[in-house]
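Coordinate-derived values only; no laboratory data. It should be emphasised that the depicted structure is a prediction, and the values quoted were computed from it without experimental measurement. A quick note on method: Cβ atoms are made from the backbone with ideal geometry, for glycine too, and the neighbour counts reach across all protein chains shown.
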Amino acid sequence: MAHTHAELIDLLHRLDHPEMLEYPPGYDPVRTRARFDRLVARLDADFATRCHADRNVQDASLHARVDVPAGATGRGVAIVVSVSNFGSMAVIAAENPGVYLDTADAVAEGALNIEDLATAERALTELDYVVLPESLLTRPYDGVSVLTSYYGEGRPCDWWIRYFDYL
C-alpha cells in the first residue's frame, strides 16, 4: 500500500516514544527476526542469489539489513534494505544508505534499475513492511524522545538516526 508523504511523517511521529530508543513498547524480537528472515529468503529467491544479511545489530533502532549483491542487479550496483525495530519500517538504498538522496535519485542517475527497485518494494510490501523514502529520514528530528539529549547538545539529529541507526 502506497502512503502519502504526510502519512509517512505522521507514522514517524506516532511511533516515536519519549524514552524507548532501541525498540517500542510491546516489541517482539522473535517475530521481528522471523519476518526479517522471510525477507532475506524472498530477496534470495527474487534475485536468484545469496544475499548477505547483517543480523548482529546491537544498541540500535535498526533491526538488521540485507544486501543484494551488485552482480545480481540490473545495473551492477548493490541494493541495501534496512529494517527498523519500529513499526515494520524499511528503507531501500542503492550502494549504501546515504549515497543517493533516495531511490528516485538512484534510478535517475542510472545506479538502480526500476525493475530491481520494484522487486525489492514488492517483497517488502508483501511482507507488510512500510517502505520509507530515504530523503524523508534526512529531515531534522523533531520528535518526543530523549534522543536529542542522548545524542548531545548541538549535534544534528535526524529521523534516520531515530529509526535506522546505532544509538
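Cβ under 15 Å from ASP10's Cβ, ASP10 left aside: what net charge do those residues give with Lys, Arg +1 and Asp, Glu -1? Net charge in that neighbourhood comes out at 0. Among the listed options (1) 107; (2) 146; (3) 118, the one matching volume of the Cα convex hull per residue in Å³ as calculated from these coordinates is (1). The GluC sites (Glu not before Pro) of the stretch 106-167 that meet both conditions, a loop assignment by DSSP and at most 12 other Cβ atoms within 10 Å of the site Cβ, are GLU153.
For the options ILE79, ILE114, ILE92, a Gaussian network treatment of the chain with springs between C-alpha atoms closer than 10 Å singles out ILE114 as fluctuating the most. The value of relative contact order for the stretch 5-164, using C-alpha pairs under 8 Å at least six residues apart, is 23 percent.
Stretching ALA70 away from ASP46 to a fully extended chain increases their span by 7.2 nm, per 0.36 nm per residue minus the current alpha-carbon distance. From its DSSP helices (H runs of at least four residues, each -39,500 (n - 2.57)), the chain gives a residue-normalised ellipticity at 222 nm of -10500 deg cm²/dmol. Cα axis of helix 29-46 to longest principal axis of the chain: angle in degrees, 0 to 90, nearest 10? Result, in degrees: 20. Restricting the stretch 1-105 to trypsin sites (Lys or Arg not before Pro) that sit in a DSSP loop and have at most 14 other Cβ atoms within 10 Å of their own Cβ leaves ARG50, ARG55.
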